[in-house]
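Asker: I'd like to ask you about the structure that follows.
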Amino acid sequence: MPTILHSALAGLVLAATLAMPALADGVKDEVAPTGKLRVAIAISPAGGAFWSTKTEAGYAGVPVDLGKEMAAQLGVPVEYVVHQNSGQITDAASKGTWDVTWLPKDPERETKMLFGPIYEVADATYIVKPGSSITNFATLDQAGIKVAAVNATTTMRGAIAHLKNATVTGYQTYDEIFGLLKSGEIDAFALSRDQLNKMAQKIPGTRVLDETFKKTVTAVAVPLGHSQALAFVTKFMNEAVTNGTLRKAYDNNGLKDTPIRTE
């Protein structure tokens, strides 16, 4: 009897051992179907927990560091798929050009991709051009006022919903809006407060308004239908918060004083 029992247990252990690599391969096939982990990033000098930057050595940013670590866990190379903004990443979600990304989440995007844990909560507000008499939302939201936002982003949608009289126009890049604000061709720019505070240091005479019109949350995401990939990236992000991987990514990208904010 003991021999039969031991044989049965040995058989179960062997079956489980053989099944585990198959499960791992199945996850890997869904997360990185091309044999590489294709990480969608958006390039801008804005910095922060979402934007990445172009460097002499390649790319830098919180999503860049997280993508590199995730690829290492999967045992595959990482490839960065560059976009100009989060709207372009969203539009490409159904085209099979990227496998994972980290970007602001909102109800519209939840119809186009699957989101995992939130790792940043940011206050969205406006910066006004040098010499502007605008001091608050009431004086901003007037007919004839031109407000810029990065096109097709959650911040742009929030600004359109918030402002009833001012005109909100979307532009493809942060750099383009930076130039328009500096030259005074637009009255204001909608973005997260931490990024606008950095912009204000580069354009003398600008002012970041004190009020907040939206809380923007940023999270890991995968394309629709990738349930195994979602389970994997969710586990990855939960562990990244507890084991210091996310904190290290923040610290490596100029965010040492920025707390990690999850929901």
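Asker: Restricting to the range 52-81, count the residues that are under 23 Å from Asn243 (Cα atoms) and either modelled with pLDDT under 95 or of a type in the set (A, V, I, L, M, F, W, C) (or both). Walk me through how you get there before you give the answer.
Answerer: To start, the set of residues in the range 52-81 that are under 23 Å from Asn243 (Cα atoms) comprises 52, 60-78.
Keeping just the survivors that are either modelled with pLDDT under 95 or of a type in the set (A, V, I, L, M, F, W, C) (or both) gives 60, 62, 64, 66, 70-72, 74, 76, 78.
Number of matching residues: 10.
Asker: Now for a different question. Being of a type in the set (A, V, I, L, M), exposed (fewer than 15 other Cβ atoms within 10 Å of the Cβ) and farther than 23 Å from Ile145 by Cα is true for just one of Leu255, Leu224. Which residue is that? So that I can check it myself, show each step before the final result.
Answerer: Values: Leu255 fails: exposed (fewer than 15 other Cβ atoms within 10 Å of the Cβ).
Sole residue among the options that is of a type in the set (A, V, I, L, M), exposed (fewer than 15 other Cβ atoms within 10 Å of the Cβ) and farther than 23 Å from Ile145 by Cα: Leu224.
Asker: So, in the range 45-101, how many residues would count as being open to solvent by 10 Å² or more (accessible area, probe 1.4 Å), assigned to a loop (DSSP other than H, G, I, E, B) and under 16 Å from Thr173 (Cα atoms)?
Answerer: So the count comes out to 5.
Asker: Now, a different point. Out of the range 158-187, which residues are within 20 Å of Ile43 (Cα to Cα), assigned to a helix (DSSP H, G or I) and within 21 Å of the chain's Cα centre (by Cα)?
Answerer: Tyr174, Asp175, Glu176, Ile177, Phe178
Asker: May I pose another question? Which residues, taken from the range 59-90, are farther than 16 Å from Ala219 by Cα, within 14 Å of the chain's Cα centre (by Cα) and of a type outside the set (S, T, N, Q)?
Answerer: Ala60, Tyr80, Val81, Val82, His83
Asker: Show the residue pairs meeting these rules: Cβ distance below 6 Å; 6+ apart or different chains; first residue within the range 165-193 and without any contact (Cβ under 8 Å) to a residue 24 or more places away in the chain and closer than 11 Å to Ala148 by Cβ; second residue basic (Lys, Arg) and open to solvent by 30 Å² or more (accessible area, probe 1.4 Å).
Answerer: Thr167/Lys146
Asker: Which condition breaks for Met156 when tested against (1) surrounded by fewer than 21 Cβ atoms within 10 Å (Cβ to Cβ); (2) under 18 Å from Asp91 (Cβ atoms); (3) in contact (Cβ under 8 Å) with a residue 24 or more places away in the chain?
Answerer: The single condition Met156 does not satisfy is (1).
Asker: Looking at Ile145, is it buried (at least 19 other Cβ atoms within 10 Å of the Cβ), touching a Phe, Trp or Tyr at 6+ places or on another chain (Cβ under 7 Å) and over 25 Å from Leu66 (Cβ atoms)? Lay out the reasoning, then the answer.
Answerer: Working: buried (at least 19 other Cβ atoms within 10 Å of the Cβ): yes; touching a Phe, Trp or Tyr at 6+ places or on another chain (Cβ under 7 Å): no; over 25 Å from Leu66 (Cβ atoms): yes.
The answer is no for Ile145.
Asker: On to the next question. Could you identify the single residue in Thr206, Thr135 that is among the β-branched types (Val, Ile, Thr), exposed (fewer than 14 other Cβ atoms within 10 Å of the Cβ), more than 26 Å from Ala93 (Cβ to Cβ) and touching a residue at least 40 places away in the same chain (Cβ under 8 Å)? Outline the logic, then answer.
Answerer: On the way: Thr206 fails: exposed (fewer than 14 other Cβ atoms within 10 Å of the Cβ).
Unique residue meeting the criteria: Thr135.
Asker: Filter the range 104-128 down to residues that are under 15 Å from the mean Cα position of the chain (by Cα) and assigned to a helix (DSSP H, G or I) and give me whichever is surrounded by the most Cβ atoms within 10 Å (Cβ to Cβ).
Answerer: Result: Arg109.
Asker: In the range 179-192, which residues are surrounded by 19 or more Cβ atoms within 10 Å (Cβ to Cβ) and out of contact with any Phe, Trp or Tyr (no Cβ under 7 Å at 6 or more places or on another chain)? Talk me through it step by step, then tell me what you get.
Answerer: Initially, the range 179-192 is screened for residues surrounded by 19 or more Cβ atoms within 10 Å (Cβ to Cβ), giving 181, 186-192.
Listed by number, the residues that qualify are Ile186, Asp187, Leu191, Ser192.
The values are calculated or read from the model by the stated rules, or taken from the named source; none is laboratory data. Just so you know, these numbers come straight off a predicted model, no measurement behind them. A quick note on method: Cβ atoms are made from the backbone with ideal geometry, for glycine too, and the neighbour counts reach across all protein chains shown. For accessibility, only protein heavy atoms count, side chains too; no ligands or nucleic acids. Shrake-Rupley method; radii C 1.70, N 1.55, O 1.52, S 1.80 Å.
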